[in-house]
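Okay, so here's the structure we're looking at.
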Amino acid sequence: MAHGILLDTSTWICYLRPHGWDDLKLAVQQVLTVKQVYTCGVVMAELLIGARDERGFTQLFDTLRALPEIPVTDRVWEAAARLGIPCDGGGSPSRCRIW
């Protein structure tokens, strides 16, 4: 699997809203342009719940299904949970490498 970004639901919501943060919208657009964005079933379900009507649901569903999907296995859930454990001894989990 190529390297990329799994955007969480709150990031997508901000990106899709007309009045989201401009810097976040730009960053998401940049990674979408170079095809580095992944999705997963949990994020898709959370976003699709917010669809206002069938047309909006279908449009969002088609957009999300066009992205590569990361299968959320038990290993992925465990790795996500372990992000809270400091990896560098300095209290910062952001330097951890999961895969």
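The values are calculated or read from the model by the stated rules, or taken from the named source; none is laboratory data. As the structure is a computational prediction, the values presented were derived from the model and not from experiment. As a convention, Cβ positions derive from the backbone with ideal geometry for all residues, glycine included, and neighbour counts pool all protein chains shown.
Quick notes on this structure:
- Residue tally, condition within 15 Å of Glu69 (Cβ to Cβ) and among the charged types (D, E, K, R), over region 9-54: 2
- Selected residue (criterion: nearest to Phe57 (Cα to Cα)) from residues of region 1-34 that are surrounded by 11 or more Cβ atoms within 10 Å (Cβ to Cβ) and at pLDDT below 90: Gly20
- The set of residues from region 17-52 being out of contact with any Gly (no Cβ under 7 Å at 6 or more places or on another chain) and not in a helix (DSSP H, G or I) comprises Arg17, Pro18, His19, Gly20, Trp21, Val34, Lys35, Thr39, Cys40, Gly50, Ala51, Arg52.
- Residues in region 46-70 that are surrounded by fewer than 14 Cβ atoms within 10 Å (Cβ to Cβ) and more than 20 Å from Gly4 (Cβ to Cβ): Ile49, Gly50, Arg52, Asp53, Glu54, Arg55, Gly56, Thr58, Gln59.
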